[in-house]
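The values are calculated or read from the model by the stated rules, or taken from the named source; none is laboratory data. Note that the structure is a prediction, hence the values are computed from the model and not measured. Counting neighbours? That spans all protein chains shown, and the Cβs are built from the backbone with ideal geometry, glycine included. Quick note on the areas: whole protein, heavy atoms, side chains included, nothing else; ligands and nucleic acids left out. Shrake-Rupley method; radii C 1.70, N 1.55, O 1.52, S 1.80 Å.
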Amino acid sequence: MSLSIEERNIIVSLELKRARETYDDIGCLISANRLNGAANRMYYAVFHAVCALLIHDGHQVSTHKGSHALFSLHYIKTGILPRGYGLLYSQLQTMHEESDYNCAYDVEMDEIEQRLKPAKRLIEDIERLVSK
């Protein structure tokens, strides 16, 4: 099914709103020392931003792994976004999966701190790309 430009713009706007709100949740979770939850929210904040970008450019997003593959193919390998963002997205996905599905794994504060600002920059860079 193909979306109209208006429908696509609405979905992109909603995805970016969700990305910003989800990113804002991270601070509360860090303050409460809920680092697994913070890792989860960081991944989903970036995921929603990536989905916004993909949808903006007419790509169909159906799975998490698919969004990662499309993001890498269309934005990292082409140089539209820096390679470090591809690595960041992979790291966030792994951290999210480990913290959500492996009860023996706990995210450490340094893992969160290393990725917090880069995740925010990625979201902001995606917002700039879709506003062009």
Which of the following residues is within 30 Å of residue 2 (Cβ to Cβ) and part of a helix (DSSP H, G or I): 116, 88, 129?
129
Per the filter on region 1-28, residues open to solvent by less than 60 Å² (accessible area, probe 1.4 Å), free of Cβ contacts under 8 Å to residues at least 24 places away in the same chain and touching a Lys or Arg at 6+ places or on another chain (Cβ under 6 Å) are none
Just a yes or no: is a residue in region 37-53 touching a helix residue (DSSP H, G or I) at 6+ places or on another chain (Cβ under 7 Å), open to solvent by 20 Å² or more (accessible area, probe 1.4 Å) and among the aliphatic types (A, V, I, L, M)?
no
